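Bear in mind that the values in this text are calculations on the coordinates, not laboratory data. None of the values given here were measured: they were computed from a predicted structure. Cβ sites come from the backbone with ideal geometry, for glycine too, and all protein chains shown count toward neighbours.
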């Protein structure tokens, strides 16, 4: 372990309590970021957030009612940190990495205060396979050995900042705090390490080099994968008013997105929603390898009624754990629901600190903090020997008050993200899910074409462009159609309107309760898109020889096409090919009728 | 250990400020007793404390307090309320004292009114229903045990009548114990009398009322929901009861929150409401729920009268982000004389999908609700078309939709004060759907059509 807690804390006493913010005087040694034990009686966890005239201003991560003036505060002189090591997967933590299941064992159905439970199980035995020998030179990020954690290989890495010669290395069964290996550093001192390390949550973990993300993160939702894609290592914001299905989008990403590890942060959201997720997840399996989905998931549940300062910490807790997995060379997806609740926590704390507010009451550093978080995403070459790469993709939902996208959290978030999935109450009321508005949404990850063309199917870029242009043209035409009636539009415009309706119902909508439709493999996403385009291009051609629109509407293959998303499972590619053939036949018959 | 002071330095209703003794370890959130020079005793609570100043909020308000002669005694405990099963059928004020003239309650246990947050991993996902006896609630927006489902209303809409009806008729359809807690926040005296009368009409001993009148102290409005919910938690999780908590009206609560925040000199966020209003609301609403392995549940119906009917106003907006759906009342319906004026298209119960069906309500419930929803929204489009092109140009099918919509509004939505159990509501809904051709009912499984569709339905029989 890198951060050794000194056995003798420095002491101070409380001189003011205002909600979750307290002031402490008397520390003879202190720095911003120090984790403190507030009151030796209540044992609340706190963090020094600023120091004013030698007085420490502390945000307390638990409710302060009953806390006494003049109570003793202990400062152990190390920053608020996450425990990192084998045993994090499948865990459910609160905002400061306390395991909620363990807490329930101790304090029952309600969360009591002052509980200290280690984040990682100390008693669990892991089989450590060393990958280096005594005498080998290692430096930061190098893999000294591995542990099998569920279906993933958990690399044990030399902590950042450490390099030297392996003195001895253990192997076989051990617990996380047992001796694993020791390193003789340049200054000839020997440091011992276990499987467990710590990292301060406010500090990004280092990597070797950053790259522009170029590989898509497959989400399993057609509207994202085709129209508004995100890359591995990318950043997306999902804004939407209440009832637009933000949480449903986040849940379905947690289930189907193509990532090695998922970190799900329920930040200031509903308890019953969390309960739904926690109840349903253990029984769900990964569509790719049929292992329980929980096996690749770390959850942070800090519901809206849990302490507000822990809510503020929760997204940094999540990203620190995500970085640790990234450093092993994994692709991590971090889902934060919702960043607005986090920003509100920031606002609340700022208010208690009596700071000068800016727009909407938010503190002036809102944008800085947001960028601190979002900038920790990315596709990187990780520390250590060999060309190993890892990524963190962030999908953060935003809950703009009143559904107004011009509010500070949404506008500031927009500055740091490259993809924007705008959810629309109008679509949600019409039960169009995912309720992604195609005009307001965008994705600047337009360099993913190569991957799609080489690995999945040709024509991705072309399909995107055509679908996009049909949708945007239709939006313009709709207002005209309302005035003069659809029948009075020229045939090509009628076709655009028809195609837009068909694409919306038959392609963009995805039913999360239907077995075939809940997940769309990249191949299904592409093949279906190509079928819709095939239909469109064939109609375009026949319009020119005078085939009226209603003939297309009556076609059998159109009906089949509209139902294809529900009827075909992702692995039934041959059925899609067959539908394509039937389409060919039906169109050539139609063409013959009109040519003769 | 209690220490008394007589050194109030500032009075800003309902707060008082004073300097503590240097070695007095005042407890944050602790209770104080205040004795005026006339001997009147008031209760207060420590809001913030520092070595230079203690801020105390006085429940009864700080009007009439004096600088030198008012005595302030710090008790070394936080705000607690005594609860008991004997509270059933009684009426209390904002700090849990009986106001119905009856005997004081002998508390079984004293509980901190702030409670503790429920651990997300011990929460159980809500799955069983509560029957309100109101068709548009039960069929289209079913209330689930453990849910929080607010009523979004407006000034001049009959939400009080609706609330009284729900309180009197709501039941769980199993033989489990069920109790309703009515928490009136900032009620007008006349409204309070109305509720009291309504509850007494039914002679219900299953209602516990907590009443804070508009003329009562502001601070009490902030305490009363917490007191009510602490009682609810006691009954639900220590005595296995299903508890329905009706909070009316949250708008008054939010106004009180703003008022106090303002006096405290806090920095306001939207429309002058404090920045922590979301967290504060959550500390109330999130106390609804179920716990694994426990039989009881807490269900909440908060009532919000939306200022100026604006659903984007911070009060309904923040509420909507925390609650699991909303029931929206329509001014249009009300003007047409429909009661209850629940507008189905913008109402939503998020938890109903997993709670309804064969075991809890009836096999066809989900399909039926989705079909009613689809037919009514289509009918409204046709109605709009009708106003442009005239009834004559409509097709037969379109006319069926219009008949459906009219009867749906007049006889389904508009049910007056009557109580309809699920079966009665479902059968009525089927008669309504039977106005339409079978082929129009695409959201319902074929077998349900076979079973429930009424051939040649007589439209006079639909009520």
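Contact order for chain B, expressed relative to its length and based on alpha carbon pairs under 8 Å spaced 6+ residues apart, stands at 16 percent. Based on alpha carbons, the Rg and Dmax found for the stretch B:3-77 are 10.8, 30 Å. Shape annotation for the stretch A:126-195: C-alpha extents along the principal axes are 38, 19, 18 Å, from largest to smallest.
Working from label points 7 Å from Cα in the Cα-to-Cβ sense, the residue B:403 to residue B:424 distance is 2.6 nm.
Cα centroid distance between the stretch B:445-463 and the stretch B:417-433, in Å? Comparing the Cα centres of the stretch B:445-463 and the stretch B:417-433, I get a distance of 12 Å. Shape descriptor for the stretch A:94-159: Rg over Rh equals 1.15 (Cα atoms; Rh from the Kirkwood inverse mean 1/r).
Distance from the Cα centroid of the stretch A:488-504 to that of the stretch A:367-406 is 39 Å (rounded to whole angstrom). Binning the alpha carbon pair distances of the stretch A:267-339 at 10 angstrom intervals from zero yields the distribution 18, 43, 34, 5, expressed in whole percent. Pairwise Cα separations in the stretch A:209-445 fall into 10 Å bins from 0 onward with the following percentages, short to long: 8, 33, 38, 17, 3, 0. Annotation: extensible slack from residue A:51 through residue A:545 equals 169.9 nm (criterion: 0.36 nm per residue apart, minus Cα-Cα distance). The mean number of Cβ atoms from other chains found within 10 Å of a Cβ in peptide B:280-287 is 4, as a whole number.
Over chain A, Cα pairs under 8 Å with separation of 6+ residues give a relative contact order of 13 percent. Dividing the Cα radius of gyration of the stretch A:537-595 by 2.2 N^0.38 Å, with N the residue count, gives 1.22. Rounded to 0.05, the FRET efficiency of the residue A:573 and residue A:354 pair, given R0 = 51 Å and the Cβ-Cβ distance, is 0.25. Among A:106-115, B:218-227, sorting by the average number of other beta carbon atoms lying within 10 angstrom of each residue, highest first, gives B:218-227, A:106-115. Under the criterion of Cα pairs below 8 Å and six or more residues apart, the relative contact order for the stretch A:460-595 equals 28 percent. Rounded to the nearest whole angstrom, the semi-axes of the ellipsoid equivalent to the stretch A:229-271, taken from the Cα gyration tensor as √(5λ), stand at 19, 13, 10, largest first. Highest mean packing first, where packing is the average number of other Cβ atoms within 10 Å per residue, the peptides B:272-285, A:207-220 line up as B:272-285, A:207-220.
Out of every Cα pair in the stretch A:460-595, what percent are spaced more than 18 Å from each other? For the stretch A:460-595, the fraction of Cα-Cα distances above 18 Å is 56 percent. Which distance in Å, rounded to a whole number, links the C-alpha centroids of the stretch B:245-302 and the stretch A:81-107? Cα centres, the stretch B:245-302 to the stretch A:81-107: 28 Å. Taking only the alpha carbons of the protein assembly as shown, we obtain Rg and Dmax values of 31.3, 108 Å in that order. Dividing the summed -39500 (n - 2.57) terms of all DSSP H runs of n ≥ 4 by the residue count of chain A sets its mean residue ellipticity at 222 nm at -10500 deg cm²/dmol. Annotation: the stretch B:151-217 has a Kirkwood hydrodynamic radius of 12.9 angstrom, from the mean reciprocal C-alpha pair distance.
The ellipsoid equivalent to the alpha-carbon distribution of the stretch B:81-354 has semi-axes of 24, 23, 20 angstrom, derived from the gyration tensor eigenvalues as √(5λ) and listed largest first. Relative to the longest principal axis of the Cα atoms of chain B, the long axis of helix B:365-389 makes an angle of roughly 70 degrees.
With each label modelled as a point 7 angstrom along the Cα→C-beta vector, the residue B:394-residue A:151 pair spans 5.5 nm. A protection proxy built from the mean count of other Cβ atoms within 10 Å ranks the segments A:235-243, A:306-314, B:363-371, most packed first, as A:306-314, A:235-243, B:363-371. Helix B:422-433: angle to the longest alpha-carbon principal axis of chain B, degrees 0 to 90, nearest 10? The answer is roughly 40 degrees.
Inter-chain neighbour count for A:62-73: the average number of beta-carbon atoms from partner chains within 10 Å of each residue's beta-carbon is 6. If you take the alpha carbon atoms of the stretch B:165-301 and fit the smallest convex hull around them, that volume is 113 Å³ per residue. Computed over the alpha-carbon atoms, the stretch B:253-404 gives an Rg to Rh ratio of 1.09, Rh here being the Kirkwood radius from the mean inverse distance. Restricting the calculation to alpha carbons of the stretch A:165-215 gives Rg and Dmax of 15.7, 43 angstrom. For peptide B:46-52, the mean count of partner chain Cβ atoms within 10 Å of a residue's Cβ comes to 6. Considering all different alpha carbon pairs of the stretch A:69-227, the Kirkwood hydrodynamic radius works out to 18.7 Å.
With the biggest extent put first, the Cα atoms of the stretch A:178-326 measure 60, 39, 30 Å across the principal axes. Short to long, the 10 Å bins of the Cα pair-distance histogram for chain A hold 3, 15, 24, 23, 16, 9, 5, 3, 1, 0 percent of all pairs.
The long axis of helix A:556-567 is offset from the longest Cα principal axis of chain A by roughly 10 degrees.
Taken along its three principal axes, the alpha carbon spread of the stretch B:61-100 comes to 43, 24, 10 Å, from the longest extent down to the shortest. The coefficient of translational diffusion for the stretch A:302-368, derived via Stokes-Einstein from the alpha carbon Kirkwood radius under 25 °C and 0.890 mPa s, stands at 186 µm²/s.
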